[in-house]
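Inspection log for the structure reproduced underneath, given as structure tokens.
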Amino acid sequence: MPLIYLLRHGQTSWNAEGRLQGQAETDINDLGRSQATANGVRLAGLLGDAGAFDFVASPMRRTRQTMELVRGTMGLDPLAYRTDPRLIEVSFGDWQGHTFVELDEANPGTTAERSKDKWNFVPPGVGAESYRMMADRVRPWFEAVDRPTVCVTHGGVIRALFNIVENAPQKRSATMEVHQDRILRYQDARLEWL
């Protein structure tokens, strides 16, 4: 497999408030813009010849904003990248836009069921997904990567990749911290935060 650098989109106000974003469209905030810019500086030093890399992002607004800042910081055309719908975040269905506190206030105990098996839990609502379902969507993208790649995606997708690549236990994959101010490198069949 080729070298892949993965970035989570920069912080949004919903991230800061603990709101479930899923597939809802949100914008990165000031901190998110500074995270994207810093990651662009770091990537410029890591890549060497950026022309040898494919640049791909989730089609969601927050990932595109992040990619465009990263590329602009690197001195590249901000818009010269592609998107892939398989990289979109997990759908939280009816839960999108809410905090866990709000969900439990409206329906006491509703999030306890998710805590028992976060990997396989499907929230209520049309189109909602479990992490397992999302991993099944992401795996074909990962397996098709055929050249060095820079990918801007979401926390859920990165969690799925830890399960796919390193066979990380489902519980660990579903609950691990996914940084917005660091770069994740896939090389030699392993993932490493830089």
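Laboratory data are not the source of any read-out in this text; all were calculated from the coordinates shown. Worth saying up front: this structure is predicted, and the values here are computed from it rather than measured. Note that we place each Cβ from the backbone using ideal geometry, even for glycine, and neighbour counts take in every protein chain shown.
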Overall form of region 153-194 per C-alpha gyration tensor (a/c, 1.5; a/b vs b/c): oblate
Relative counts (whole %) of C-alpha pair distances in region 1-85, using bins that are 10 Å wide: 18, 51, 26, 5
Label-point separation in nm, residue 113 to residue 16, each point 7 Å along Cα→Cβ: 3.4 nm
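Length gain on complete extension for the stretch residue 105 to residue 146, per 0.36 nm per residue less the alpha carbon to alpha carbon distance?
Answer, rounded to one decimal: 10.1 nm.
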Listed residues 144, 24, 50, most fluctuating in the chain (Gaussian network, C-alpha, under 10 Å): 144
Ordering of 26-32, 87-93 by packing [mean C-beta count within 10 Å, highest first]: 87-93, 26-32
GNM top mover of 69, 43, 79 - the chain, alpha-carbon springs below 10 Å: 79
Beta bridge orientation in the chain: antiparallel %, DSSP, nearest 5: 40 percent
CD proxy at 222 nm, helix term only [per DSSP H run n ≥ 4: -39500 (n - 2.57); per residue of the chain; nearest 500]: -12000 deg cm²/dmol
Translational diffusion coefficient (Stokes-Einstein; Kirkwood radius from C-alpha pairs) of region 4-193 at 4 °C, 1.567 mPa s, in µm²/s: 77 µm²/s
Only Lys, Arg (+1) and Asp, Glu (-1) charged, at Cβ; the chain dipole about Cα centre in debye: 340 debye
Set of region 21-39 residues, backbone N closer than 18 Å to the point 7 Å along the Cα-Cβ line of residue 165: 39
